[in-house]
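The structure under discussion appears below in the form of structure tokens.
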Amino acid sequence: MEYLGEERENKSKKIVIILLIIAVILAIIIFITMMILKGTLPKDLRLNVDSKYVQIPSELFVFDNQTQEIYISLRDIASLIGYEYYNGEYNKYTEDTKKCYLQSEKQIVGFSLRIKQNI
């Protein structure tokens, strides 16, 4: 009787090991497939503005691979998202090119140039 019990345990251990090997192989295949698909996705970027998605042409974006930062021209994107672009600070009536603001019917957003300095 014990011989049959040992045989069943051996078969169940073999089945568990085979299932684990299959699960690992499937996980590796899924991971490789995800990496391949991630590389083939288009670099179309969309912004969500006022609950509407606005597709932005990829040539407006500059990708810095070293710092992983994305740069975009506010002057070019303003009209796409329904804003007007103005130089200077809001209500300061200057033409300072290091500061600007975007204005829509409901909102005004100010920006200033961030200068990186090595000290």
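The values are calculated or read from the model by the stated rules, or taken from the named source; none is laboratory data. What you see is a predicted model, and the numbers here were worked out from it, not measured in a lab. Ideal geometry is used to build each Cβ from the backbone, glycine not excepted, and the neighbour counts take in all protein chains shown. These accessible areas exclude ligands, DNA and RNA; they are computed on the full protein's heavy atoms, side chains included. Shrake-Rupley method; radii C 1.70, N 1.55, O 1.52, S 1.80 Å.
What the table shows:
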{"quantity": "Criterion (part of a loop (DSSP other than H, G, I, E, B), in contact with a helix residue (DSSP H, G or I) (Cβ under 9 Å, 6 or more places away or on another chain) and modelled with pLDDT of 80 or more) met by exactly one of Leu80, Leu102", "calculated": "Leu80"}
{"quantity": "Matching residues, segment 63-77, being under 21 Å from Gly110 (Cα atoms) and either assigned to a helix (DSSP H, G or I) or open to solvent by 50 Å² or more (accessible area, probe 1.4 Å) (or both)", "calculated": "Glu69, Ile70, Tyr71, Ile72, Leu74, Arg75, Asp76, Ile77"}
{"quantity": "Complete set of residues in segment 49-62 that are open to solvent by 70 Å² or more (accessible area, probe 1.4 Å) and aromatic (Phe, Trp, Tyr)", "calculated": "Tyr53"}
{"quantity": "Residue in segment 78-98 that is most open to solvent (accessible area, probe 1.4 Å), counting only those that are within 25 Å of Leu45 (Cβ to Cβ) and free of Cβ contacts under 8 Å to residues at least 24 places away in the same chain", "calculated": "Glu84"}
